[in-house]
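In what follows, a structure is listed as structure tokens, so that the remarks can point back to it.
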């Protein structure tokens, strides 16, 4: 791990750049708003840790009422359980024996589940759980339009659920019905249409399960871009949003239900950078592609009116001022809103929690690089 870029009590000017910072007031408001939505709508909230990879933030989500936490990899699940999270769902197929053994060991410490879309996956998970004398929960992933993993809805999903129900040391927990492609569709109407189609797949599958005498304790899915739509459908029981805690450029630019960006969640995550070079036409800050993700577009500047980032390289971001605006000066600090928060977090060892312009919390990104 790299040294901490700042100390508790330090001002923003004293933090070594580039650094990943979180405005704690905004983060806490975001967590509270999602928790309140769950309470008002009767939906269980199981936030996704692939966004923050940070047990301290997961603990805040659980304290606010989350029923558990999602992980995308066994490595993330290990970090969460080690930190005291007692209910983890791995929202990914796990097939390799070594990873399943690690997952089975975790099931001795916490309630652990994974998702399956093949008979081979069911058999492998059953063997690992039986060898370690534990029970693993298992959900059937159905393809609701994502076009990635998942079995066909309806009868194929029911047949796989029956295999889980009959497999030693596995417990059938329900369905995973996540439509990731829908999350970032810019138009609200397009997201709504995608989730309506997903709901038909879920409805068909629940009907098939009922015919076989099986019930789904969990119907999981949804993300920051569509969680209200899944809740309104009346079929999902657990929502799995991740990015709402931080937000990023991509999510901020999607259209809300009335034609405007969704206002309820705030940007709380920023990459703090320092201006290290300047000319009459541009300034250059010391945060580039090794400090923030660029695959979803260039970062936005916070509180620098009219200026924009026009390019990223490994260690630099090039900033141009708005016409007639003053140029940034050498040594100035800027805060960059990344295009995509999840991979940006994975580039850093530490998150500095800021309140009132000073460092209040220092959290390790404990699951950084835990891709296995």
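The values are calculated or read from the model by the stated rules, or taken from the named source; none is laboratory data. Just so we're clear, the structure is a prediction, and the values are computed from it rather than from any experiment. For neighbour counting, all protein chains shown are included, and Cβ atoms are generated from backbone atoms with ideal geometry for every residue, glycine included.
Filtering the stretch 81-105 to residues that are touching a helix residue (DSSP H, G or I) at 6+ places or on another chain (Cβ under 6 Å) and closer than 19 Å to residue 56 by Cα leaves 81, 83, 85, 88, 90.
Restricting to strands (runs of 3 or more DSSP E) lying wholly in the stretch 260-372: which have 2 or more residues that are out of contact with any strand residue (DSSP E or B) (no Cβ under 9 Å at 6 or more places or on another chain) and touching a residue at least 12 places away in the same chain (Cβ under 8 Å)?
Working: elements: 269-278, 283-285, 300-302, 308-312, 317-320, 333-337, 350-355, 358-364.
Answer list for the stretch 260-372: none.
The set of residues from the stretch 176-194 being in contact with a helix residue (DSSP H, G or I) (Cβ under 6 Å, 6 or more places away or on another chain) and closer than 24 Å to residue 114 by Cβ comprises 177, 179, 182.
Checked against the criteria, residue 233 does not count as closer than 30 Å to residue 154 by Cβ, touching a residue at least 12 places away in the same chain (Cβ under 8 Å), touching a helix residue (DSSP H, G or I) at 6+ places or on another chain (Cβ under 6 Å) and surrounded by 23 or more Cβ atoms within 10 Å (Cβ to Cβ). Pairs meeting the criteria (first residue in the stretch 154-178 and in the same structural domain as residue 204 (by TED's automatic domain parsing), second residue assigned to a loop (DSSP other than H, G, I, E, B) and buried (at least 20 other Cβ atoms within 10 Å of the Cβ), beta carbons under 6 Å, at least 6 apart or on different chains) are 174/216; 175/216; 177/144.
In the stretch 79-92, the qualifying residues are those that are surrounded by fewer than 22 Cβ atoms within 10 Å (Cβ to Cβ) and under 17 Å from the mean Cα position of the chain (by Cα), and the one that is farthest from residue 343 (Cα to Cα) is 87. All told, residue 108 falls short of being more than 20 Å from residue 45 (Cα to Cα), assigned by TED's automatic domain parsing to the domain that holds residue 44 and without any contact (Cβ under 8 Å) to a residue 12 or more places away in the chain.
Of the residues making up the stretch 172-214, those that are modelled with pLDDT under 95 and in contact with a strand residue (DSSP E or B) (Cβ under 7 Å, 6 or more places away or on another chain) are 186, 187, 188.
Being out of contact with any strand residue (DSSP E or B) (no Cβ under 7 Å at 6 or more places or on another chain), in the same structural domain as residue 354 (by TED's automatic domain parsing) and within 26 Å of residue 348 (Cα to Cα) is a description that does not apply to residue 76. One residue stands out among those in the stretch 212-235 that are within 18 Å of the chain's Cα centre (by Cα) and assigned to a loop (DSSP other than H, G, I, E, B): the one that is nearest to residue 201 (Cα to Cα), which is 222. Close Cβ contacts (under 9 Å, 6 or more residues apart or on different chains) running from residues in the stretch 41-63 that are at positive phi to residues that are part of a loop (DSSP other than H, G, I, E, B) and surrounded by fewer than 24 Cβ atoms within 10 Å (Cβ to Cβ) comprise 53/346; 53/365; 53/366; 53/368; 53/369; 53/370.
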